[in-house]
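What follows is a single structure, written as structure tokens, with notes after it.
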Amino acid sequence: MKTESWNEYTKSEKPILSIFDKLGYKVFDINAKHEDIPEREKETEVILKSNLKRAIKRINPWINDYNLKKAVDKINPDKILAHDLIEANELIYEKLVNYISLEQDLGQGKKNQTVKYIDFENPENNEWMVLNQFKVEGTEENIIPDITIFVNGLPVGVIECKSPFIDDSQEKAIEQLLRYQNQRDTQDIVEGAEKLFYPNQITIAAWGDSASAAVIGASHEHYREWKDLYPYDEENIEKLLDKDSLNNQDKLIFSMFEKSRLLELIRNFTVFKKGHGSTTKIMARYQQYRATKKAYNKIKNKKDPEKRSGTVWHTQGSGKSYTMLFLSLLIKRDDELKNSAMLIVTDRVDLDEQITKTFVRSGFPNPENADSIDDLKDKLRNAAGKTITTTVHKFQESGDKIFPVLTKNKNIFVLVDEAHRTQYKELAANMRRALPNATYIGFTGTPIDKKTRSTLKTFGDYIDTYTITQSENDGVTRPIFYESRLAHLNVEKNIDDLFERIFKDKTEEEKAKIKEKHASPRVLAETRQRIKKIVLDITDHYENKIEPFKAQVVTVSKLAAATYKEFFDEYSDYESAVILSEGSNNEEEIIKKYNHYYKNKEKYIAKFKDENDPLKFLIVCDMLLTGFDAPYEQVMYLDKPLKEHNLLQAIARVNRVYEDKNYGLIVDYYGVFRYLKEALEIFRDEDIKGAVTEIKNAIPKLESKHNKIMKFFRDIDMNNLEECIKAFKDEEKRIKFKNAYREFAKYMDIVLPDPQALKYKSDLNRLGKVFKAVKNHYREALNIRGAGKKVRKLIDEHVRATDIELLNDPVPIIDKDFDKRIQKIDDEEVKASEMEQAIKKEISVRIDENPVYFESLKEKLERLIKEKEEERLQFDFDEYMDELNEIIEQIRNIDKMTQKMGMDKNEFAVYELLLKNKEIEKRESRDKTDKVAEPVTYDLNTDFDKDPYVNKEFRDLAKKLLGIIKNMKTVDWKWKENTVIKNMRKNIKIELVKHEEFKKNYEEITNQIINIAKSIF
């Protein structure tokens, strides 16, 4: 292991390997000796072919050798032809889950026979294996993931571990996983080893305290923790894993990799969503898994349809449509239930289309959409084995006819989306009359509990709940803020004042007639003068607070929406589209003018969802208020009197997660806040705490965050960057500063451009300079991910415009400009610190080249720093700088030095190891009183053949020992402990024991040489 990785190994990697061991996996830890580590022919291979062949033969014992080879080839990443990673991954997934078919004669002639790669029904009939440090050779580079999980020789999981003590550990682990997959935006640069992820099902970022999971291609914001052990008891799992308590890393690894659970997640809780020319892989989050399993278990354990029924309350934006899909998949794959009928019911045409597309795009088997009342009746009369999607409105008859009973079958499962709406009157009654023995499961994000309308009374008790607060804490949704704008234009707030303002040029008599005929809130909301003012205000607000994210404008009527569109075209530079429901010939011309948007609505919706498309505003009336998922939308400008669940559904359009989007915002031009309070009263206080916060209430938080970060600078001049650098030399203090800075920047993002935030803007800019200078000086990846694109841009532009040397990116010590950079620093302490940090960075990068040499340089540097801090030298600056310069010269000249000594740098690494282990005093220390032997300072002008420091015998021995390894190494030799490495050790020992000084510790030296070779080759 690398020296700098020990914390990572002991705090994260090793505990994870221990859990896999407890779960019954065969664990190969590179730090321990193993006799039977699986072999590969070459490091480009990502599957373990021998293991895969044995598994296929065990699961399909009839298969002959020809078809066995064919089966392996069909799933071998080297044989897969695909345009990109996601296509390759889907091709292999289909073969894993739906199997393949090969022609073979089993005694009755040649017939197609099903070949399974994984036995999903019998987990123990599969081979479970975990290897750490599994090296894979990519196109341009090699990768060594910390932990790779194999099922039947197929790498289905990759875990990247980080120490919990480093800054941004989760983000660094995810970034590494994306690099491994070649999924970062690196233009033409090919990274990682993509083929390792062709069969992959789960990627994990782990950092000791916790872990987060996602599927291939997922970006940072889609990695999620798994916080619930359902259906297991925590105390029992603690006993199983031999732990006093479980952290979130333990919970995730157990919950996702327990054998039967992993197979279940792969088979029943993974789908591929297709749309707009791309494919996205989706795996259930813990709340979706929990709700699906609870509903499924209720169905399996109860026979009475009424007892099977119930309500799933998962807050808006938490993925209810996919929970419905996962439940449908589970039912369809159950042998006892697979001939059941699934009826998916929504209450709007657009939602019906959306959920049908969700099922189709996810590869669900043959969902059928009922396109009329008669078509629905026909489908339900012969519903066995079908999946039918429809709207509740098709459960109606013309005139006084009573809707008929269509089937009394008990194996009909009705999943109702948005179950809080339209499920309390005649249409719902017709549905229950048509299907009297069906099981009804309602899915809602906003349950209703009133005397006349109650979601729970209609569907039954909660099967599972996932609240607003839980969703925000998990990062599944973003918090929503509320802001009221332009009170004098607010319809509900002061309708009389608004009337007087708009009709100020009319006589009292004219006003009375207008008021009698036309002065309804809706008519006033449609007035052109008012809408014009709002459009101007929206444009200004968007430009200063929201851009580059996108916005939705919700209007009171089609006429108002069309008027908004006209004024946006006239007064705003931003591109907009208006999407209204299909109109009739009787509508006003201004509305007809925009009918082409409805006809091409899919095109404009796709443009709006694309962050790179210039379409910024979507203007609507009723359409796209619910069931519309556009994560890049941050604000809804609301000019419509929505109430109760309709209001809650609408505002949830802005709570979807997107990178650098800290919150969603509702800007109210109508006066709906009192309705919002009423709508939230149906929830318990603990379930909605902070669900919607007035923007003005974020200002005290901003003040608090500002006070917290400014405490770091009580006795420091923020304008003196050299002084600031000295103040943050303690690593723990730097991390606290970074966290405080991130929180302050986040609330600046929320509150700006409110005038009360402007007073902090100069501090934000100064802090940006300090942050950049500290980051550069200490060579750390201190970032402010999550601070918001707008604030980051503000800081970057300000810092970029400042010509200060300390704000430029750090220069490596081997760079020719390094010395010039040092000379420009005035403060002696900062100058010395800059050299220290540069040396530390260079040593950390190169220590694997020669552990002994660079470790000794590291020890020397640490000793010098310690002496300086203890003032043992009374800190003679010139002497201290000479010492640092000497270390720099030793690093810069190592290649020239080894060449003149007649070695390459790898041979020199072994040479240094031999010198270190030599038990006589030939390697002299410059300071005889010091216990630590320093690296020798070689003079490049010296004739090395006559240099007393060069041990010619050891030089020749180093060459010979490294030659043994070069000649004996094969592909995957590092894994072949019982063959290749065993013979290497034997031959190295034979050479070492020829030298008297190595006879006592030749075993230890041999191990050290092998370890060096493993890092070199």
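What the table shows:
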quantity	calculated
Residues Thr539, Thr391, Thr477, sorted so that the one with the fewest Cβ neighbours within 10 Å comes first	Thr539, Thr391, Thr477
Segments 719-727, 555-563 sorted - mean Cβ within 10 Å per residue, highest first	555-563, 719-727
Sequence ranges 56-67, 83-94, ranked by mean other-Cβ count within 10 angstrom, highest first	83-94, 56-67
Quotient of Cα Rg and 2.2 N^0.38 Å for segment 530-650, N being how many residues it contains	0.99
Virtual spin-label span in nm between Asn612 and Gln899, 7 Å along Cα→Cβ	4.4 nm
Two-site FRET efficiency, Glu953 against Lys57, from Cβ-Cβ distance with R₀ of 60 Å, rounded to 0.05	0.60
Potential lengthening between Gln113 and Lys711 on full extension [0.36 nm per residue; Cα-Cα distance subtracted]	208.1 nm
Label-point separation, Asp505 to Lys916 (7 Å along Cα→Cβ), nm	9.0 nm
Three-way shape call for segment 593-667 based on the alpha-carbon gyration tensor, with the a/c threshold at 1.5	oblate
Net lengthening on full extension, Val523/Asp540 (0.36 nm per residue, minus Cα-Cα)	3.6 nm
Likely footprinting exposure, Val416, Val692, Val72, fewest C-beta neighbours within 10 Å first	Val72, Val692, Val416
Difference of contour (0.36 nm per residue) and Cα-Cα distance, Glu886 to Val971	26.5 nm
FRET efficiency, 1/(1 + (r/R0)^6) with R0 41 Å, evaluated for Asp242 and Lys307 via beta carbons	0.55
Convex hull per residue volume in Å³, alpha carbons only, for segment 162-231	99 Å³
Rounded if a/c under 1.5, otherwise prolate or oblate - segment 210-255, Cα gyration tensor axes	prolate
Residue order, fewest to most beta carbons within 10 Å, for Asp474, Asp209	Asp209, Asp474
Förster radius 35 Å - calculated FRET efficiency between Asp185 and Glu570 (Cβ-Cβ, nearest 0.05)	0.40
Kirkwood hydrodynamic radius (C-alpha pairs) into Stokes-Einstein, segment 705-763, 20 °C and 1.002 mPa s, D in µm²/s	174 µm²/s
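Every read-out reported here was derived from the displayed coordinates using simple, explicitly stated rules and does not represent laboratory data. Predicted model only: the values in this text are computed from it and were never measured. As a convention, Cβ positions derive from the backbone with ideal geometry for all residues, glycine included, and neighbour counts pool all protein chains shown.
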